[in-house]
1. Determine the per residue accessible area of region 41-113 with all protein chains present and a 1.4 angstrom probe, expressed in square angstrom.
2. In whole Hz and in residue order, list the ³J(HN,Hα) couplings for region 56-61 that follow from phi through the Karplus curve 6.51 cos²θ - 1.76 cosθ + 1.60, θ = phi - 60°; x for Gly and Pro.
3. Given bins 5 angstrom wide, list per bin the percent of all Cα-Cα distances in the chain, short to long.
4. So how far apart, in nm, are the two label points at residue 89 and residue 58 if each is 7 Å from Cα heading toward Cβ?
5. Could you count how many Lys pairs in the chain have their Cα atoms under 22 Å apart, skipping same-chain pairs fewer than 8 positions apart?
6. Counting only DSSP beta bridges with both residues in the chain, what percent are antiparallel, rounded to the nearest 5?
7. About the Cα centre of region 1-113, what is the dipole size in debye to 20, counting +1 per Lys and Arg Cβ and -1 per Asp and Glu Cβ, all else neutral?
8. Among 186, 221, 146, whose Cα sits farthest toward the positive end of the charge dipole of region 135-223 (+1 at Cβ of Lys/Arg, -1 at Cβ of Asp/Glu, about the Cα centre)?
Amino acid sequence: MRILIVEDAADVAEAVAIRLGKTGMACDLADSCAVAEDFLAVQRYDAIVLDINLPDRNGTELLHDMRMRGDRTPVLMLTALFSVDDRVSALDLGADDYLVKPFDQRELEARLRALVRREAEHKSDAVTLGPLAFSPAALSATLDGAPLDLTRREATLLGLLLRSQGAVLSKQRLYDGLFAFDDADVGLNAIELYIARLRKKLSTSSIGIETQRGLGYRIFAYE
């Protein structure tokens, strides 16, 4: 899962990114609307955390521009404003949710997971494929009812594959879901390593990960 955090308070943004990173979310940080627009021009995100008060423009203006061009990425607004009118205005402009500062990090995580699940049309926490069950909330999986021993990035990769069952995901798409721009020292071939690790951990089951040369990877259950 890849998140864009648009927040000019560096301490807040970095604390959020560190916390979300520990739950398997790759985070990019933008301290202004202009920087956010640059990121949005080249990268697709699962969700955006957007502060209202930014140095160059109001966050609601960026939200308005996104919705006007058809960008439906889920947006959670951060606001220090307590006025009901201000919050209603943000929701009317197309925000999917809002959180008033100061906030509890656990609530932010839960709200982001809910937004992404809603967007993906998964109404329950569990995503299943044959004997494999994956919990996005806990970033964990079970195989035939037994816990599957996964690292954070292995679990994130498994979640990406499972949420797109039947589809082939390119190496670049998987990379974008696992790593942020700050992970520039990590090469694209790292995906092959994580795929190999997942295959090994699924090798005794009826779940396989197919490589379609030149296209990407697809998870499936053997008949």
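The values are calculated or read from the model by the stated rules, or taken from the named source; none is laboratory data. Values in this document were obtained by computation on a predicted structure and should not be read as measured data. Virtual Cβ from ideal backbone geometry, glycine too; neighbours counted across all protein chains shown. Heads up: the accessible areas ignore ligands, DNA and RNA and are worked out on the full protein's heavy atoms, side chains in. Shrake-Rupley method; radii C 1.70, N 1.55, O 1.52, S 1.80 Å.
1. 49
2. Couplings: 9, 8, 6, x, 5, 5 Hz.
3. Distribution as computed: 1, 6, 15, 18, 18, 15, 11, 8, 5, 2, 1, 0 percent.
4. If labels sit at residue 89 and residue 58, their model points lie 0.4 nm apart.
5. Working: 22/101; 22/201; 171/200; 171/201.
Value for the chain: 4.
6. 50
7. 460
8. 221
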